[in-house]
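Student: This is the structure, below, for whatever I ask next.
Read the figures in this text as sums done on the coordinates, not as results from a lab. All figures in this text were calculated on a predicted structure; none of them were measured in a lab. Positions of Cβ are generated from backbone atoms using ideal geometry, with glycine treated the same way; all protein chains shown enter the neighbour counts.
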Amino acid sequence: MITGCFARTSDINEPNAISDLIAIEIGGMDQWIMIRGEDRSNPILLWLHGGPGAAQMPVHRAFNRDLEKEFVVVHWDQRGAGKSNHRGFDENSMSLNRFIEDTHELTAYLKERFDQEKIFLLGHSWGTQLGILTVQRYPDDYLGFISVAQVVHPQRAEEISYEWLSKQVEERGSSRQMRKFDDLGPPLYDEHDRYVTFAKMKDAFGGSMDVGMGRLAWISFGAIEYTIGDYVKWLRGANRGSGPMWQELRDFDLFRDVPSIGVPVWFIVGENDYNTPAKLVEEFYQFVDAPEGKTLFVFEGAAHAPFMGDPERFNREVIRIKQSVFNGEEK
């Protein structure tokens, strides 16, 4: 557990390695990034965390350390999240457009620093909303987009998830859970509090995160990248969630807004995911036009975080994606 005042990231014992934990100016404010890789000449993998607010920097190496062998992995605490949730942060600066431009600025920084023409972009959950719109706006910056638990259409997702949850509560729920479900009522959940209740119920029946919050907290508290103050910032950012973006994200619809993608795209989804239901991801996968190639991976037994639920397979598939791009294999 971190009890000191200073954060760092551990060294990597390889001659051309990189292990940096730094703040850079993005979008007019200091934002923190962690850069790790065994060979700094490897392609960059910029990871967009979920939430908004659920920064992933403290738990990355517990599940996905193997990616550092093949990539320069960049974890970024986005504005208002984790180490980038500064005192006095203006949550009114949170908008889809601002996050897209932040991603673009960070991408430009990484391309220049590592002298690479293009990088890989990976997004999880909220990060898939941000990621897919970023590659749509700036396709020339990216070797491809790796989508993990793609948000497709939040309102349709709620309808699919509600039907599943109804069966779970009927078959396995306690009397208390049944009452809570009846009080919740059917979607749509335009009020944030009702949505949070719905999300927690899905998690209770295995349709959300693959690893419990207790275990994640234990892993996180052992990370040297965060100080005690950073954990306070993380909690504030996670509790804020989408903040003023709530309605903007509710209106998200890939079928309407992203009929085509100009970069190679790989969709990874857990079969038991009822935050971003696999059924809906599969439907969008069939719908979207992707001239540069598209692939769908459905992880059996995993839910909303397959990189935690089945990290060995996840790391293997992401490394294969890199190899397919650089070896000229079919994507």
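Student: For segment 1-156, with the dipole built from +1 on Lys and Arg beta-carbon atoms and -1 on Asp and Glu ones, taken about the Cα centre, which of V74, V151, I100 lies farthest toward the positive end?
Tutor: Sorting the options by dipole projection puts first V151.
Student: I've got another one for you. For each pair in K180/K233; K111/K294; K111/K279, compute the distance between the two Cα atoms and list the pairs where it is over 29 Å.
Tutor: In this structure, K180/K233; K111/K279 exceed 29 Å between Cα atoms.
Student: Sort M245, M29 so the one with the fewest other Cβ atoms within 10 Å of its own Cβ comes first.
Tutor: Lowest count first: M29, M245.
Student: Additional query: Tell me, F71, F287, F198, F326 in order of fewest to most beta-carbon neighbours within 10 Å?
Tutor: Neighbour counts put them in this order, fewest first: F326, F287, F198, F71.
Student: What are the aspartates and glutamates whose alpha-carbon lies under 20 Å from the alpha-carbon of K69, with same-chain residues fewer than 8 places away excluded?
Tutor: D11, E14, D20, E38, D39, D115, E225, D310, E312, E317
Student: Give the order of F307, F314 when sorted by the count of other beta carbons within 10 angstrom, beginning with the fewest.
Tutor: F314, F307
Student: Can I ask one more? About its Cα centre, how strong a charge dipole does the chain have in debye, to the nearest 20, once Lys and Arg get +1 and Asp and Glu get -1 at the Cβ?
Tutor: 820
Student: Under 5 Å between amide hydrogens, which residues at least 5 positions from L48 or on another chain qualify, with H placed 1.01 Å from N in the peptide plane?
Tutor: For L48, the qualifying residues are L122, G123, H124.
Student: Along the charge dipole of the chain, Cβ charges K/R +1 and D/E -1, which of L296, S84, Q177 sits furthest on the positive end?
Tutor: Of L296, S84, Q177, it is Q177.
Student: Can you give the Rg/Rh ratio of the chain, where Rg is from the C-alpha atoms and Rh is the Kirkwood radius?
Tutor: Rg/Rh: 0.95.
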